[in-house]
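For reference, the structure discussed in these notes is given below.
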Amino acid sequence: MDALKGTGVALATPLNSDYSIDYSGLEKLLDHIIRGNADYIVVQGTTGESPVFSWEEKLQILQFVLDHLKGSKPVVFGLGGNHTFDLIEKSSDLKSFDLACILSASPYYNKPSQQGLIRHFEMLADAFPHPVLLYNVPARTASNMEAETTLALAKHPNILGIKEASGDLEQCKRIADGRPEDFMLLSGDDALAFDIIQMGGEGVISVIGNLLPEPYTAMVNATLAGQTNEANRMNEELSLAYKMVAEEGNPSSLKAGLEAIGICKRTVKPPLFDASDELVSKWTFYFDAN
């Protein structure tokens, strides 16, 4: 549990102009995040464009990250989807990887009932070779995991917590108040991490941490330490960056910022579209000013 406290960074996947993986850019990005003191790395989440990579590519990216980190940071791997049995089958390929846990988003498109969500995640937790971190992100899945469903799943011994990205602070508060002591509540929204930690959450899995790992991690740490006034000041200073990283969608907006600081191109794989020149210029201005 302590390994996932603080700031996890939902790692972007740098790409070359031909859509091949830019491993040089990925190395630069990892080093940038490490220098910024983030606590752990999340590989192949939505920010990493997980829907558009083959299983073989996903495992290659994971191996590259593990080799580069050499055990210096815990690693979480994203494995979610709407085909329960396929996820169970794929998970067997992960047995030999040193992972803190597997992050698994709610099934998309199928729109399962709350009972369907419970059955899906219990089956994954029974079969997965690593602990499971639930991921509730209804804006992308069209299915909200209600607090009562999360609390039911919290009883499973192989489910360690939830990344909550519903944007519903009341729902997060019900989870915080009703969960077992060893069940983690992590923010899935950069701008809400301050509020969720204030209600008892243990940290965040961050997008902005790719770009601004040092100031964002400092804000999270200050919030965890109860330094409320200082943390609030830091959070307000980051408010423009929160808006810009969402301006043209994630991860397109994020990669505009990464191009602005020379880590990688803004290239994203279809069906996503590359960020505008205007947004890259805005990020360049932001970094020059800060």
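The values are calculated or read from the model by the stated rules, or taken from the named source; none is laboratory data. All values reported here derive from a predicted model rather than from experimental measurement. Using ideal geometry, Cβ is built from the backbone for each residue, glycine included, and neighbour counts are taken over all protein chains shown. SASA here: full protein model, heavy atoms, side chains in, ligands and nucleic acids out. Shrake-Rupley method; radii C 1.70, N 1.55, O 1.52, S 1.80 Å.
What the table shows:
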{"item": "Under 21 Å from the Cα of Lys111 - lysines, other chains or at least 8 residues apart", "result": "Lys163"}
{"item": "Mean residue ellipticity (222 nm) of the chain, computed from DSSP H runs ≥ 4 via -39,500 (n - 2.57), nearest 500", "result": "-12500 deg cm²/dmol"}
{"item": "Choice from Lys95, Lys58, Lys163 with maximal GNM fluctuation in the chain (Cα, 10 Å cutoff)", "result": "Lys95"}
{"item": "Equivalent ellipsoid semi-axes - Cα gyration tensor, the chain, angstrom", "result": "27, 23, 17"}
{"item": "For a label point 7 Å along the Cα-to-beta-carbon line of Glu146, residues of region 174-192 with backbone N under 19 Å", "result": "174-180"}
{"item": "If the convex hull is drawn through the Cα atoms of region 71-199, its volume per residue in Å³", "result": "106"}
{"item": "Descending semi-axes in whole angstrom, ellipsoid equivalent of region 41-141, from the Cα gyration tensor", "result": "23, 14, 12"}
{"item": "14 Å tail of the calculated P(r), region 231-290, as % of Cα pairs", "result": "53"}
{"item": "Stretch gain in nm, segment Phe285-Lys243, where the contour uses 0.36 nm per residue and the Cα spacing is subtracted", "result": "13.7 nm"}
{"item": "Residue with peak Gaussian network fluctuation, the chain [Cα springs, cutoff 10 Å], from Ser166, Ser20, Ser106", "result": "Ser20"}
{"item": "Hydrodynamic radius by Kirkwood, which averages 1/r over all alpha carbon pairs of region 14-66, in angstrom", "result": "11.7"}
{"item": "FRET efficiency, Ser96 to Ser17 (Cβ-Cβ, R0 41 Å, nearest 0.05)", "result": "0.75"}
{"item": "Portion, in percent, of the accessible area of the chain that falls on carbon or sulfur, probe 1.4 Å", "result": "49"}
{"item": "Between region 4-57 and region 157-215, the Cα center-to-center distance that results, in Å", "result": "20"}
{"item": "Potential lengthening between Glu170 and Asn37 on full extension [0.36 nm per residue; Cα-Cα distance subtracted]", "result": "44.8 nm"}
